[in-house]
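Novice: Just passing along the structure, written as structure tokens.
The values are calculated or read from the model by the stated rules, or taken from the named source; none is laboratory data. Bear in mind that the values here come from a model prediction, so they are computed numbers and not experimental data. A quick note on method: Cβ atoms are made from the backbone with ideal geometry, for glycine too, and the neighbour counts reach across all protein chains shown. Remember, those area values only see protein heavy atoms, side chains included, never the ligands or the DNA or RNA. Shrake-Rupley method; radii C 1.70, N 1.55, O 1.52, S 1.80 Å.
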Amino acid sequence: MEKRRITILGSTGSIGIQTLEIIKRHAGLFEAEVLTAHRNAALLIEQALAFQPNAVVIADESKYRDVSEALAAYPVKVYAGEAALAEVAAWNTADIVVSALVGFAGLRPTLAALRAGKTVALANKETLVTAGALIADVVAKQKGTVIPVDSEHSAIFQCLAGEHDEAVALYLTASGGPFLNTAAAEFANITKAQALKHPNWNMGAKVTIDSATMMNKGLEVIEAHWLFGISADKIKVVVHPQSIVHSMVQFIDGSVKAQLSLPDMKLPIQYALGFPQRLPLPDAALDFSTAMTLEFFPPDMQKFRCLPLAYEALQRGGNIPCAMNAANEAAVAAFLAEKITFPHIPDIVETVMQQIHYTAEPDFETIEQTHTEALQIASKNMEKIWR
Ligand code: NDP
């Protein structure tokens, strides 16, 4: 394998940091091309000094001076602002763009990378949720490729490799999060600290709350639909508290293929960077010499209301998944700011999905308008709660 230059959009986040660990571990195979952060200038500077990329971008322009002064003595270009993210994402100096921003902010730069024909290792699931049809169209027309980084989708991608026939079902596994065994009646008392404590994964705050509400699985159902071109009725969610089976694919003869490993995001990230080559990763290997129990059961759709809302959004299509995503982003931010309760999150999502103006085939501008309109509807409804 020739050495690959990697741009990481969101290098200071959970996925970004783990991507840099892989680059460090396989320094002969990978090197950093561009690193980006939102506000965390200190970590971006530290990463730039350690990895000597061609350039860095700090999205928050007020931090530009800090970063440029700290790197003035080094051959690292420094840019600032949201627009610069989309520009560097399209540079032809990178072989792979890792899209590891969180939320809607990931859409524009990911789209720019794909329009430039790049291979995108996609962690930012919100890109496919908000603009799946647009992304599928760009991938079909340009030469850009998406390789999933989300562990469930990486598992499915790995299971589908080498298969000629279509899958009859995809089974997305879900840990169930910290409230798998909490009664619905207790949900109003859930604190931010409890929701941020995921039993199996250590991730960024937003995706951790999404896992606790199971909206994360809902977003992944929509992501799977666009990645693998499979209809919603063939995408099932299975609760699997051990997080060892990362997802499964069923074929016409009844065979089920699964991908198993310890829960470690470095595996799907490394698989995407090295694809189609597998590289060593001893940390993720399972040990079958000791007893192990794997459980599977259906999700409680009444308790975790975000999950059926996501299926509904996918079925209604158009700009509804984008509105659902924006409502969720606003509600999660308000929950993290301790302004609304845990069960308010699906309430807000449901209200926004009812009140948004429907568009059947949204273009990029309509997606942006929907996102803004949905945020406004969400905040108007949340004001009623905290007033
Ligand atoms: P984090 O919150 O840990 O990191 C997000 C990164 O994006 C940081 O570098 C942050 O910069 C940057 N960022 C945030 N907002 C903006 C913005 N408005 N403009 C520019 N940059 C921004 O997120 P995660 O790494 O946990 O998640 C990233 C994506 O991957 C999400 O879509 C998530 O759902 C998905 N994912 C994550 C997994 C995980 O294990 N963490 C697992 C599977 C999927 P700064 O540090 O400066 O704030």
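Novice: Treating each Cα of segment 146-220 as an identical point scatterer and ignoring solvent, apply the Debye formula and state log10 I(q)/I(0) at q = 0.21, 0.24, 0.27 Å⁻¹.
Specialist: Each listed q corresponds, in turn, to -0.94, -1.13, -1.33.
Novice: Please report, in whole Å³, the volume per residue of the convex hull around the C-alpha atoms of segment 58-149.
Specialist: Numbers: hull volume 8.4 nm³, N = 92.
So the per-residue hull volume is 92 Å³.
Novice: Just the number, please: carbon plus sulfur as a percent of the accessible area of segment 149-210, 1.4 Å probe, no ligands or DNA/RNA counted. Don't jump to the answer; show the numbers that get you there.
Specialist: Values: 1370 of 2770 Å².
That fraction is 49 percent.
Novice: State the antiparallel share, in %, of DSSP beta bridges confined to the chain, rounding to the nearest 5.
Specialist: Working: 9 of 39 bridges.
Around 25 percent of the beta bridges assigned by DSSP in the chain are antiparallel ones.
Novice: Can you compute the modelled spin-label distance between ASP363 and ASP165, with each label point 7 Å from Cα toward Cβ, in nm?
Specialist: Taking the simple label geometry, ASP363 and ASP165 are separated by 4.3 nm.
Novice: Here's another thing I want to ask about it. When the helix-only estimate is applied to the chain (DSSP H runs of n ≥ 4, each -39,500 (n - 2.57), divided by the residue count), what is the mean residue ellipticity at 222 nm, nearest 500 deg cm²/dmol?
Specialist: Value at 222 nm, helices only: -13500 deg cm²/dmol.
Novice: Just the Cα atoms of the chain, one point each, no solvent: what log10 I(q)/I(0) does Debye give at q = 0.06 Å⁻¹?
Specialist: -0.22
Novice: Among rounded, prolate and oblate, which fits segment 1-101 when a ≥ b ≥ c are the square roots of the eigenvalues of its C-alpha gyration tensor, a/c under 1.5 means rounded, and a/b larger than b/c means prolate? List each step's numbers first, then the result.
Specialist: Numbers: a/c = 1.59, a/b = 1.45, b/c = 1.10.
It is prolate, given that a/c is not under 1.5 and a/b is the larger ratio.
Novice: A follow-up question, please. What number comes out for accessible area per residue over segment 178-297 if the probe is 1.4 Å? Units Å², please. Don't skip to the answer; put the middle values down first.
Specialist: Details: 5460 Å² over 120 residues.
For segment 178-297, the solvent-accessible area averages 46 Å² per residue.
Novice: For VAL256 and GLN302 in one chain, what is 0.36 nm times their gap in residues minus the Cα-Cα distance, to one decimal in nm?
Specialist: On the way: separation 46, 0.36 × 46 = 16.56 nm, distance 2.77 nm.
So the chain would gain 13.8 nm between VAL256 and GLN302.
Novice: List the DSSP H helices in the chain whose Cα atoms stretch 30 Å or more along the helix axis and whose mean Kyte-Doolittle hydropathy is at least -1.0. Don't jump to the answer; show the numbers that get you there.
Specialist: Working: long enough: 364-386 (33 Å, -0.60).
Flagged H segments are 364-386.
Novice: While we're here: Probe of 1.4 angstrom, ligands and nucleic acids ignored: what's the accessible area per residue over segment 314-387, in square angstrom?
Specialist: Values: 3460 Å² over 74 residues.
That works out to 47 Å² per residue.
Novice: In vacuo Debye scattering of segment 58-110, one point per C-alpha: log10 I(q)/I(0) at q = 0.17, 0.26, 0.28 Å⁻¹?
Specialist: Values, matching the q order: -0.61, -1.09, -1.13.
Novice: Now a separate question. Run the simple label-point estimate for GLN194 and GLU295 please: 7 Å along Cα→C-beta, distance reported in nm.
Specialist: My value for the distance between the label points is 1.9 nm.
Novice: Given R₀ = 35 Å, what would the calculated FRET efficiency be for ALA337 paired with PHE288, taking r from the Cβ atoms and rounding to 0.05? If you can, show how the numbers build up before the last one.
Specialist: On the way: r = 45 Å, r/R0 = 1.28.
With a Förster radius of 35 Å, E is 0.20.
Novice: If packing is taken as the average count of other Cβ atoms within 10 Å, what order do 163-171, 132-140, 47-55, 181-189 fall into, highest mean first? Write out the running numbers ahead of the final one.
Specialist: Values: 163-171: 14.9, 132-140: 16.9, 47-55: 18.6, 181-189: 11.4.
Ranked by mean Cβ neighbours within 10 Å, highest first: 47-55, 132-140, 163-171, 181-189.
Novice: Over all alpha-carbon pairs of segment 237-387, lay out the pair-distance distribution in 10 Å bins, whole %, shortest bin first.
Specialist: With a bin width of 10 Å, the distribution comes to 10, 26, 25, 26, 11, 1.
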